[in-house]
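Trainee: Dropping a structure here in structure tokens format, bear with me for questions.
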Amino acid sequence: MKDNIIAVKTFDFALNIINLYTQLKKENEFIISKQLLRCGTSIGANVEEAIAAQSRKDFISKMSIASKEARETKYWLRLLDKSHITQIPVNGYLVEIEHIINIITKIIKTSQEAAQ
């Protein structure tokens, strides 16, 4: 059985966010890092819930929450990047979250079209 690409990507991304959070804490950055940890790890959790959805409507709802969390994650990463409160490069994270957002958006649109 093939791996679910978005489940794998969001799990790996969550692991990377945990590592980033650890680095940020070492630099005494506690506010943005905590927000980033919450939303960055929540994406994959919502994707996992969507995989176990009880209906197409439930699936779309959970994936929509994952999309919102991904967009919030992108926001906090952009703030880290532009505020220069850390020297830790976040460009790779921004590229990856953009890929995740694009995949989730496509999944939601395809699911909505199939429901009509």
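The values are calculated or read from the model by the stated rules, or taken from the named source; none is laboratory data. Given the structure is predicted, the values throughout are model-derived calculations rather than measurements. Cβ sites come from the backbone with ideal geometry, for glycine too, and all protein chains shown count toward neighbours. For the accessible areas, the whole protein counts, side chains as well, though only heavy atoms, and no ligand, DNA or RNA atoms are used. Shrake-Rupley method; radii C 1.70, N 1.55, O 1.52, S 1.80 Å.
Trainee: Expressed as a rounded percentage, what relative contact order does the chain have, with Cα pairs under 8 Å and six or more residues apart?
Mentor: Working: 113 pairs, mean separation 30.3, N = 116.
Averaging sequence separation for qualifying contacts and normalising by length gives 26 percent for the chain.
Trainee: I've got another one for you. What is the percent of Cα-Cα separations in the chain that go past 21 Å? Write out the running numbers ahead of the final one.
Mentor: On the way: 2426 of 6670 pairs.
Beyond 21 Å sits 36 percent of the P(r) for the chain.
Trainee: Under a cut-off of 17 Å between alpha-carbon atoms, report the lysines in cross-link reach of Lys62, not counting same-chain residues fewer than 8 places apart.
Mentor: Cα-Cα hits under 17 Å: Lys9, Lys106, Lys109.
Trainee: Same structure again: Summarise the accessible area of the range 7-111 (1.4 Å probe, protein heavy atoms) by the percent that is carbon and sulfur.
Mentor: Details: 3280 of 5990 Å².
Within the range 7-111, the accessible surface is 55 percent carbon and sulfur.
Trainee: Okay, moving on. For the chain, what is the accessible area per residue in Å², given a 1.4 Å probe and the full set of protein chains?
Mentor: Values: 7220 Å² over 116 residues.
Ligands and nucleic acids excluded, the result is 62 Å² per residue.
Trainee: Which of the GluC sites (Glu not before Pro) found in the range 3-52 are in a DSSP loop and have at most 15 neighbouring Cβ atoms, other than their own, within 10 Å?
Mentor: Filter output for the range 3-52: Glu27.
Trainee: Continuing with this model, one more query. Modelled label-to-label distance, Ser55 and His84, 7 Å Cα→beta-carbon offset: nm?
Mentor: Going from the Ser55 label point to the His84 one covers 5.3 nm.
Trainee: Here's something else I'd like to know. Eigenvalues of the Cα gyration tensor times 5, then square-rooted: what semi-axes does that give for the range 64-108, in whole angstrom, largest first?
Mentor: Working: eigenvalues 102, 21, 5 Å².
Square roots of five times the eigenvalues give 23, 10, 5 Å.
Trainee: Another question about this same structure. Need one number: nm distance between label points at Asp3 and Val95, each 7 Å from Cα along Cα→Cβ, rounded to one decimal.
Mentor: So the two model labels end up 1.9 nm from each other.
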